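One structure is given below, encoded as structure tokens.
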Amino acid sequence: MKFYPKENQVKEEVRKRLSEALASQVDIFSSASLGGGCINNASKLETNKGSYFLKWNKEGPTDIFIREAECLAELKRAVGNVVVVPQVFAAKKIDETPGFLVLEYLDPAYNLANADELLGRGLATIHKYENNRFGFDSNNYCGSTPQHNAWKSSWPEFYRDNRLGFLLDLINKKRPLSVDEEKTFGRLLEKIILLIPENSIPVLIHGDLWSGNYMISAKGPALIDPASYYSEREMEMGIMTMFGGFSERFYAAYNEMYPLPSDWKSRNRLYQLYHVLNHYYLFGGSYKSQALQLAKSFL
């Protein structure tokens, strides 16, 4: 990690937070940058108390690491030891110095014969962790995009208002839609209540589970970078099916524990729409035409 521009101040803050979490003096011996992050910087810290994973940034939503820590803690409560969720040791908001998240360091593994089955069972376990409403205690982020998590008792209303409607409002402020494009999405929002089940059960989801947001560690498959909330579980499959990366063995293990409805694929593209719109919000380009095609296919 490059502790800049106030190197000693930031390094001291990381050391202090770790010492408080461990109730013991922590000394940081070294740090090494890690690749693979799309938004944040990542480092492996070597200390007198062992190795830790550090994610940090000096830019972005001020509470992004606080919210991620909450998601990880909720996932860990839900899954127990069925699949790995890294332990959170410290989280700091972004202010005059960079914000950060300090996690358990997981050694990567490259040959784990039953990884897909373990991951499938782990996700099914999480999806059995129920609530009585849809949403989350705090608003959080999918990547760097805000998610509006105000509680609702109706899944169609939550998906319409808190996900699609809220994101379309963000898009219109950043990449304004034409009148015709707004009408297309507006017609879809009006129809949502007819397209998805009203009797859905609110369960915990990872929220951004694509192949880059899980890893195979020496302890087993591990879930990272969540955007969690209580949702219809089919929402999880929206992002999972967009980019692939989940094998038939994974789905078989998942369905063995918690079978998906036989018609779930008929709604899958509707849940993909949220993530296509999010990619348009973040990156622009052809994601808008893809989103419009998806919307029109349900009208």
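Key figures
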{"quantity": "Segment 142-160, residues that are in contact with a strand residue (DSSP E or B) (Cβ under 6 Å, 6 or more places away or on another chain), assigned to a strand (DSSP E or B) and either open to solvent by less than 30 Å² (accessible area, probe 1.4 Å) or of a type outside the set (K, R) (or both)", "calculated": "Q147"}
{"quantity": "Residue within segment 225-242 that is within 23 Å of F283 (Cβ to Cβ), at pLDDT below 95 and of a type in the set (S, T, Y) present", "calculated": "no"}
{"quantity": "Any hit, segment 219-229, residues being among the polar types (S, T, N, Q), out of contact with any Phe, Trp or Tyr (no Cβ under 6 Å at 6 or more places or on another chain) and open to solvent by 30 Å² or more (accessible area, probe 1.4 Å)", "calculated": "no"}
{"quantity": "Some residue of segment 183-198 being of a type in the set (F, W, Y), in a helix (DSSP H, G or I) and in contact with a helix residue (DSSP H, G or I) (Cβ under 7 Å, 6 or more places away or on another chain)", "calculated": "yes"}
{"quantity": "Filter result (charged (D, E, K, R) and either at pLDDT below 95 or within 21 Å of R67 (Cβ to Cβ) (or both)) within segment 120-172", "calculated": "R133, D137, K152, D161, R163, D169"}
{"quantity": "Flag if E74 is in contact (Cβ under 8 Å) with a residue 24 or more places away in the chain, within 17 Å of D225 (Cβ to Cβ), within 17 Å of the chain's Cα centre (by Cα) and open to solvent by 40 Å² or more (accessible area, probe 1.4 Å)", "calculated": "no"}
{"quantity": "A90 under 27 Å from D63 (Cβ atoms), in contact with a Ser or Thr (Cβ under 8 Å, 6 or more places away or on another chain) and either surrounded by fewer than 15 Cβ atoms within 10 Å (Cβ to Cβ) or at pLDDT 95 or above (or both)", "calculated": "no"}
{"quantity": "Extreme residue, surrounded by the fewest Cβ atoms within 10 Å (Cβ to Cβ), among residues of segment 21-57 that are touching a residue at least 24 places away in the same chain (Cβ under 8 Å), in contact with a strand residue (DSSP E or B) (Cβ under 8 Å, 6 or more places away or on another chain) and over 15 Å from E104 (Cα atoms)", "calculated": "G36"}
{"quantity": "Counted residues, segment 93-119 - those being of a type outside the set (S, T, Y), touching a residue at least 40 places away in the same chain (Cβ under 8 Å), open to solvent by less than 50 Å² (accessible area, probe 1.4 Å) and assigned to a loop (DSSP other than H, G, I, E, B)", "calculated": "3"}
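The values are calculated or read from the model by the stated rules, or taken from the named source; none is laboratory data. Fair warning: this is a prediction, and the values are worked out from it, not measured in the lab. Quick reminder, even Gly has a Cβ in these numbers, built from the backbone with ideal geometry, and neighbours come from all protein chains shown. Keep in mind that these areas ignore ligands, DNA and RNA; they rest on the heavy atoms of the full protein, side chains included. Shrake-Rupley method; radii C 1.70, N 1.55, O 1.52, S 1.80 Å.
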